[in-house]
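Read through the structure below, which is laid out as structure tokens, and then see the notes.
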Amino acid sequence: MGSKQQLNILVVDDDQFMRDVVATMISDNGHLPLVADGYQQALAALSKNKIDLILMDIEMPEVNGFALTSMIREIYNHWIPIIFLSSNDSEEYLSKGIDAGGDDYLTKPVKEVILKAKIRAMARIASMQDELELLNRKLSILSNIDPLTGVMNKRALHNCLNEQWSINRRQKSELSILMVDIDFFKLYNDNYGHQKGDRCLVRFTKVLVSLLNRETDYIARYGGEEFLILLPFTPLEGARFKAKEIMNALEKFAIKHGHSSIAPYVTASIGISSTKLNAKNTDELVNQADIALYKAKESGRKQSYIFKSA
Ligand SMILES: [Mg+2]
């Protein structure tokens, strides 16, 4: 909302003459006036339109401006600037207005030049508020992403997994997961250094991401060199096939690893589980994949293993 932008300004006043005067000033200054003669019309206007600013009379029958302001602050979470208009210029009134949730106070008769300046000031604050909300949204997205690899972090995975778990229950489908761990990554780091280790993680992630072609597939960095892939609506056979694709892709991309004892390139071990294997909750499902991963490592790495209950 820049200062040049047209604002929707709601004028609430029981006096028709005042409404008309103020509404004319508003449209003369390039904004759009909406009018209400009391609380009912005001609440209706607020529910139907995006209102950027409210000019509120104080002395009104039934519900006065203070009470209506409190109601609006109760109903709406987002901040709408409210300026009181009153012929009473006592300090006590001004203070009551601010207490009720008003942002400013103007005395009647309203001078056009003052009203114009107040509108500009409120528009500026409202615009900062919008920017702040946008920043907060960006921040919340960022707090769900692993900064190195750009995929979900463990925190976001937790939410995503819970969501997919309940979708899966409702649809009575099968949700498979793959725990993917880079083989001999410690040796990679020790020999090539952490910077190259980080680059290896980025390239490794790209290989995994390139194999997830459905919008419903998810990948998260679970730990240092450990990744979790969620495959909703996928039976174990499909998960096993995906693991095979990962093995083949790693062979093809061949990220050099001169210190691995099983291949000259970076390989991975993969533990697989699915909701068909009787996990009671998401923690148990992840734990099953973890146990399967351990088996894959134990059996010589560079392979996948499907969880089997003891
Ligand atoms: Mg009045």
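For the reader, a short list of remarks on this structure follows.
- Given their separation in residues at 0.36 nm each and the Cα-Cα distance between them, K308 and E59 gain 82.1 nm when the chain is fully extended.
- Considering only H259, H158, H78, the mean-square fluctuation computed in a Gaussian network model of the chain, springs between alpha carbons under 10 angstrom, is largest for H78.
- Ordering L46, V63, N77 by the projection of their Cα atoms onto the charge dipole of the chain, which places +1 on the Cβ of Lys and Arg and -1 on the Cβ of Asp and Glu, puts N77 at the extreme positive end.
- In a DSSP loop and with at most 16 other Cβ atoms within 10 Å, the chymotrypsin sites (Phe, Trp or Tyr not before Pro) in segment 208-253 are F233.
- One chain, two ends: Y192 and D20. Fully extended at 0.36 nm per residue, the span grows by 54.3 nm beyond their Cα-Cα distance.
- Degrees between helix 236-253 axis and first principal axis of the chain (Cα, 0 to 90, nearest 10): 80 degrees
- With Cα atoms, 0 to 90° folded angle of helix 16-28 axis to the chain main axis: 60 degrees
- Scattering profile of segment 8-141 at q = 0.10, 0.12, 0.15 Å⁻¹ [log10 I(q)/I(0), Debye over alpha-carbon scatterers]: -0.31, -0.44, -0.69
- Debye log10 I(q)/I(0) at q = 0.08, 0.09, 0.15 Å⁻¹ for the chain, Cα point scatterers: -0.59, -0.64, -1.02
- Nearest-ten-degree value, helix 112-142 long axis tilted from longest Cα axis of the chain: 10 degrees
- Residue-wise HN-Hα couplings along segment 298-306, as the Karplus relation 6.51 cos²θ - 1.76 cosθ + 1.60 with θ = phi - 60° gives them from phi, are 4, 7, x, 6, 6, 7, 10, 9, 9 Hz; Gly and Pro carry x.
- Dipole magnitude (debye, nearest 20) for segment 8-141, charges at Cβ of Lys, Arg, Asp, Glu: 640 debye
- Computed FRET value (nearest 0.05) for F241 with R170, which takes r as the C-beta separation and R₀ as 45 Å: 0.95
- Computed [θ] at 222 nm, helices only, for the chain once each DSSP H run of length n ≥ 4 contributes -39500 (n - 2.57): -16000 deg cm²/dmol
- Between I98 and Q129, the contour length at 0.36 nm per residue exceeds the Cα-Cα span by 9.3 nm.
- Largest to smallest principal axis extent of the C-alpha atoms in segment 154-306, angstrom: 48, 28, 24
- Here segment 154-306 is treated with +1 on each Lys and Arg Cβ and -1 on each Asp and Glu Cβ, and its dipole about the Cα centre works out to around 180 debye.
- Set of aspartates and glutamates with alpha-carbon distance to K242 below 14 Å, sequence-local pairs under 8 removed: D217
- Max mean-square fluctuation residue, GNM over the chain, Cα-Cα springs under 10 Å, options A292, A123, A67: A67
- Proximal aspartates and glutamates relative to K138, as straight alpha-carbon distance under 20 Å, when same-chain residues fewer than 8 apart are discounted: D130, D146
Read-outs: derived from the displayed coordinates by stated rules, not from any lab. Keep in mind that what you see is a predicted model, and the values were worked out from it rather than measured. Here Cβ is always computed from backbone atoms with ideal geometry, including for glycine, and neighbour counts include all displayed protein chains.
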